[in-house]
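Quick one: this structure, given as structure tokens, is what I'll be asking you about.
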Amino acid sequence: MIVFTVISGAKNEDALCYLLEVDDEVRIMLDCGWNDEFNVEDLKHLRRVAKQVDALLLSHPDLSHLGAYPYAYGHFGLSCPVYATVPVVHMGRMCMYDIFQSKVNEAKFDTFALDNVDAAFEKVNTLKYSQPMVLGGKCKGITITAYAAGHTIGGTIWKIKKDTEEIVYAVDYNHKKERLHLDGTVLHNNGVVLDALSRPSLMITDAYNSLIIHPARRSRDAALFDTITNTMKNKGSVLLPTDSSARVLELAYLLDQHWAYNQFSYPLILLTHQSYRTIQFAKSMLEWMSDAINRQFDSKRENPFEFRYKELSKYPGPKVVLASNSSLDTGYARDLLLEWGKHESNALILTDRGSPNSLARKLYNEWDKLSQSNDGPVKPSVNLNLTMNLLIKKKVPLEGTELSEYKSELRKKQEREAAQAALIAKSLSIIEDDESDESESEIGDTDIEELLSKHFDLYVRDATKYGGFFKQTQSYLMFPYVEKRKRYDDYGEIIQVDQFARGIGDENAGNIDVNGDKVDMSSDKDEFDKEDSTNTFPESNVPTKYVSYEQEIKFQCQVRFIDLEGTNDGRSLKTIVPQVQPRKLIVVHASPEATNDFAQSCLAIRLMTRDIYTPDVGEVLNVSAAINFYQVKLTDALVSSLKLSKLEDYDIAFVNGKISFPPDSSLPILDVVPIDELSSGTHNPVFVGEVKLTELKRVLQSEGITAEFKDEGVLVCNEKVAVRK
């Protein structure tokens with residue numbers, strides 16, 4: 001039995017999260033997404049089922065697919081095994097780091113901590129593409145396999161198999177090869193559906209772009225380059241909001257190649273909190289990228305992500321910046337937009353539509369409305385004249401009285417901590433000396449107590465040290481100091497690990513230019529935030545506070561939408577899914593209009609299944625197949641008598657047996673039946689599997705029968721018999 005429940009992301013464009021129940025026992029969660037508002041109320045359905053989940057499959061390294069996973073792990077008890085590809089784990093972690101830092105830079109943020117992120121991602125089990133993994137525990141008997149989805153590095157289409165049931169979960173996939181760093185999905189390659197993913201019992205897919213038709217890629221690339229070039233000529237800067245770990249790789253590589261080819265001198269900047277580490281991970285995962293990139297690396301021994309531009313300093317002139325986050329609700333992209341958006345010479349290029357209710361979506365809608373009357377493969381730029389009241393949230397340095405009060409409180413706190421540390425150090429010294437070997441001790445217990453009781457560091461005339469009977473010596477006493485004993489084991493000196501540990505936040509992984517050079521985050525921030533640029537202290541040492549206020553912003557910059565999100569458009573979706581030929585289909589993650597459009601398009605195809613479902617959030621669907629399937633236990637005698645034939649992943653054979661129901665077992669037992677008790681000792685031939693006319697043609701020809709294809713799908717034998725599939 002298969003039961004499907006929508007946790008989030010159906011008949012809307014919210015984050016993706018679904019629950020799949022198999023045989024009333026196993027609960028598999030498909031993705032665990034969130035948005036950058038991080039409203040815990042959005043997770044009310046997830047909270048209810050999190051502790052019951054037996055496995056979680058993650059398909060892409062972005063917020064909409066894994067954003068809620070660290071929170072659910074830390075707060076909802078989501079402790080089940082988690083599965084993903086290596087890039088999804090590494091880039092997903094970078095995505096969460098970046099969004100966390102973005103939130104912390106604008107307001108107090110305690111929804112989750114980086115410790116939650118690290119602990120959650122350490123639990124993920126990694127898979128390679130096409131590597132079947134047999135699950136254990138309650139999931140015994142279930143096999144999962146990851147296949148390349150395109151769209152993002154490590155992006156996954158999941159196949160879940162249990163007995164005769166095969167379920168394909170395919171969302172946000174792209175059948176087209178990217179211009180640079182990714183190949184297309186294996187689901188539909190060169191017009192052919194992969195055999196391993198064809199005719200599943202159930203297919204779960206999205207219809208996000210069902211109403212969208214993409215212009216040719218050449219037209220979109222030309223529109224991107226033209227917009228950038230024209231803006232630069234007019235002494236303006238260009239902002240491209242993007243994610244921090246997924247689509248940013250394609251955009252950065254695309255622009256870097258264009259810069260190198262045209263030998264532009266304008267700075268090209270990648271601005272995210274984790275850009276350095278993201279690029280380092282990308283350099284180490286070339287095997288997950290396109291064949292073209294790997295061939296380039298093999299022939300030239302050049303890593304495609306060794307970007308060329310060197311120093312990233314302050315650029316007062318025109319520049320192109322790829323900045324996180326794509327929603328424009330938080331992060332460096334929002335900071336830049338609030339500054340650059342006021343000037344007509346600057347340009348904002350949206351590469352995706354943004355999440356619902358985000359600032360990016362509002363600007364996209366404004367662009368779409370103003371550019372409707374224009375024709376052409378890619379709609380042109382428009383000049384905004386839009387006034388919006390926005391809530392401005394940021395962290396600012398303390399000044400004046402607030403700064404003086406802060407320093408006074410800090411000084412008092414440091415004095416208290418120093419005094420407490422001295423007492424602790426003294427106690428530890430005494431304890432360590434007590435624990436040391438008495439035979440190795442150079443100072444006795446009495447001497448330690450005597451030294452600790454004298455707190456002076458100058459010579460005292462009357463201070464003497466008695467060495468024995470009738471013997472005394474003069475000594476120049478100093479402040480008492482007891483050397484800590486080094487401890488050793490069989491391998492040498494015991495190391496105190498905590499003295500060498502370094503937290504995640506200690507690494508200045510802030511920003512890089514597009515050549516991958518690491519740059520101090522505070523200097524980049526100064527470039528964009530005028531209020532912080534007057535600060536002469538390092539950002540980490542400056543006391544700050546959070547402020548928020550509403551401000552009226554008048555946007556006058558140019559805006560243009562160029563679809564570079566790397567997913568299928570409606571025409572491709574409506575072609576690929578019918579070719580997969582699922583027995584049942586569930587449509588998720590799309591607006592109500594797009595969901596209905598895709599479902600009706602599939603129903604209009606004569607050979608397409610009629611079992612197409614479009615559930616709402618919270619709806620529970622029973623999508624079990626009507627099959628006669630039973631489980632029995634075979635005796636050893638019966639198994640040894642079988643004549644097995646191989647069919648794909650199965651060994652099949654005719655069985656004659658007798659069912660018995662032992663009292664000590666929940667499973668019936670099938671035992672061998674003597675041949676003389678059977679009414680007939682022979683079996684009629686049975687064909688199992690799928691008939692392929694090409695194979696039938698070869699068999700007929702080997703038997704001397706003339707067999708040729710005359711029309712499409714018609715095999716004519718000896719000019720007398722027509723065989724159709």
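For a quick check of your reading of the model, give me the residue pairs whose first member lies in region 99-112 and is aromatic (Phe, Trp, Tyr), whose second is open to solvent by 30 Å² or more (accessible area, probe 1.4 Å), with beta-carbon atoms closer than 7 Å and at least 6 apart or on different chains.
Close Cβ pairs satisfying both conditions: PHE100/LEU114; PHE112/GLY74.
Which members of region 149-187 meet the condition of being among the basic types (Lys, Arg) and over 16 Å from VAL248 (Cα atoms)?
LYS159, LYS161, LYS162, LYS176, LYS177
Okay, moving on. If I ask for residues that are touching a residue at least 40 places away in the same chain (Cβ under 8 Å) and hydrophobic (A, V, I, L, M, F, W, C), which ones from region 30-53 would you list?
Scanning region 30-53 gives LEU30, CYS32, PHE38, VAL40, VAL49.
Let me ask you something else. Taking the options ARG47, ARG27, name whichever one is open to solvent by 20 Å² or more (accessible area, probe 1.4 Å) and either touching a strand residue (DSSP E or B) at 6+ places or on another chain (Cβ under 9 Å) or in a strand (DSSP E or B) (or both). Show your work before the answer.
Numbers: ARG47 fails: either touching a strand residue (DSSP E or B) at 6+ places or on another chain (Cβ under 9 Å) or in a strand (DSSP E or B) (or both).
Sole residue among the options that is open to solvent by 20 Å² or more (accessible area, probe 1.4 Å) and either touching a strand residue (DSSP E or B) at 6+ places or on another chain (Cβ under 9 Å) or in a strand (DSSP E or B) (or both): ARG27.
What are the residues in region 54-75 that are open to solvent by 10 Å² or more (accessible area, probe 1.4 Å) and part of a loop (DSSP other than H, G, I, E, B), if any?
Scanning region 54-75 gives ASP54, ASP62.
Rundown of residues vs (1) aromatic (Phe, Trp, Tyr); (2) touching a residue at least 24 places away in the same chain (Cβ under 8 Å); (3) crowded, with 20+ Cβ neighbours inside 10 Å; (4) not in a loop (DSSP other than H, G, I, E, B), yes/no style:
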site: THR143; (1), (2), (3), (4): no, no, no, yes
site: THR152; (1), (2), (3), (4): no, yes, yes, no
site: TRP158; (1), (2), (3), (4): yes, yes, yes, yes
site: GLU166; (1), (2), (3), (4): no, yes, yes, yes
site: ASP172; (1), (2), (3), (4): no, yes, yes, no
site: HIS175; (1), (2), (3), (4): no, yes, yes, no
site: GLU178; (1), (2), (3), (4): no, yes, yes, no
site: ASP183; (1), (2), (3), (4): no, yes, no, no
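Another question, if that's okay. Do we have SER79 as part of a loop (DSSP other than H, G, I, E, B), farther than 27 Å from GLY354 by Cβ and not charged (D, E, K, R) here?
yes
Being surrounded by fewer than 22 Cβ atoms within 10 Å (Cβ to Cβ) and assigned to a helix (DSSP H, G or I) is the filter here; which residues of region 228-250 pass it?
Those that are surrounded by fewer than 22 Cβ atoms within 10 Å (Cβ to Cβ) and assigned to a helix (DSSP H, G or I): THR229, ASN230, MET232, LYS233.
Condition first: in contact with a Phe, Trp or Tyr (Cβ under 8 Å, 6 or more places away or on another chain) and in a loop (DSSP other than H, G, I, E, B). Now tell me which residues in region 129-141 satisfy that.
If the condition is that a residue be in contact with a Phe, Trp or Tyr (Cβ under 8 Å, 6 or more places away or on another chain) and in a loop (DSSP other than H, G, I, E, B), then SER130 is the only one that fits.
Right, here's the next one. Is it true that ASP42 is at pLDDT below 95, closer than 21 Å to SER355 by Cβ and open to solvent by 50 Å² or more (accessible area, probe 1.4 Å)?
Working: at pLDDT below 95: yes; closer than 21 Å to SER355 by Cβ: yes; open to solvent by 50 Å² or more (accessible area, probe 1.4 Å): yes.
Yes: the conditions hold for ASP42.
Please tell me if LEU585 is open to solvent by less than 30 Å² (accessible area, probe 1.4 Å) and either closer than 15 Å to VAL168 by Cβ or modelled with pLDDT under 95 (or both).
yes
While we're looking at this one, here's another question. I'm trying to understand the selection: among the residues of region 251-274, which are closer than 20 Å to CYS95 by Cα and not in a loop (DSSP other than H, G, I, E, B)?
Kept after step one, since they are closer than 20 Å to CYS95 by Cα, are these residues of region 251-274: 251-253, 269-274.
Hits for region 251-274 are LEU251, ALA252, TYR253, ILE269, LEU270, LEU271.
Okay, next question. Which residue is farthest from the chain's Cα centre (by Cα), if the candidates are limited to region 658-677 and must be modelled with pLDDT under 80 and hydroxyl-bearing (Ser, Thr, Tyr)?
Residue satisfying both the conditions and the ranking: SER665.
Working only within region 213-227, note down all residues that are of a type in the set (Phe, Trp, Tyr) and open to solvent by 30 Å² or more (accessible area, probe 1.4 Å).
Result: no residue meets the conditions.
Shifting gears a bit: Residues of region 360-390 being surrounded by fewer than 21 Cβ atoms within 10 Å (Cβ to Cβ) and under 29 Å from the mean Cα position of the chain (by Cα), which ones?
Correct list: ARG361, LYS362, TYR364, ASN365.
Another question, if that's okay. Could you please let me know if LEU135 is in contact with a helix residue (DSSP H, G or I) (Cβ under 7 Å, 6 or more places away or on another chain), more than 29 Å from LEU328 (Cβ to Cβ) and in contact (Cβ under 8 Å) with a residue 12 or more places away in the chain?
Here the answer is no, as LEU135 does not meet what is asked.
What number of residues within region 1-24 are assigned to a strand (DSSP E or B) and of a type outside the set (A, V, I, L, M)?
Looking only at that region, the number is 6.
Kindly list the number of the only condition in (1) at pLDDT below 75; (2) open to solvent by less than 60 Å² (accessible area, probe 1.4 Å) that fails for LEU715.
(1)
Something else now. If SER210 satisfies all but one of (1) in contact (Cβ under 8 Å) with a residue 40 or more places away in the chain; (2) open to solvent by 20 Å² or more (accessible area, probe 1.4 Å); (3) not aliphatic (A, V, I, L, M), what's the number of the condition it fails?
Going through the list (1) in contact (Cβ under 8 Å) with a residue 40 or more places away in the chain; (2) open to solvent by 20 Å² or more (accessible area, probe 1.4 Å); (3) not aliphatic (A, V, I, L, M), SER210 breaks only (2).
Test each condition in (1) farther than 23 Å from SER198 by Cβ; (2) at pLDDT 95 or above; (3) not aliphatic (A, V, I, L, M) for TYR613 and report the one that comes out false.
(1)
The values are calculated or read from the model by the stated rules, or taken from the named source; none is laboratory data. All values derive from a computational prediction rather than experimental measurement. With ideal geometry, Cβ positions are generated from the backbone for all residues, glycine too; neighbour counts draw on all protein chains shown. Surface accessibility is based on the protein's heavy atoms, side chains included, excluding ligands, DNA and RNA. Shrake-Rupley method; radii C 1.70, N 1.55, O 1.52, S 1.80 Å.
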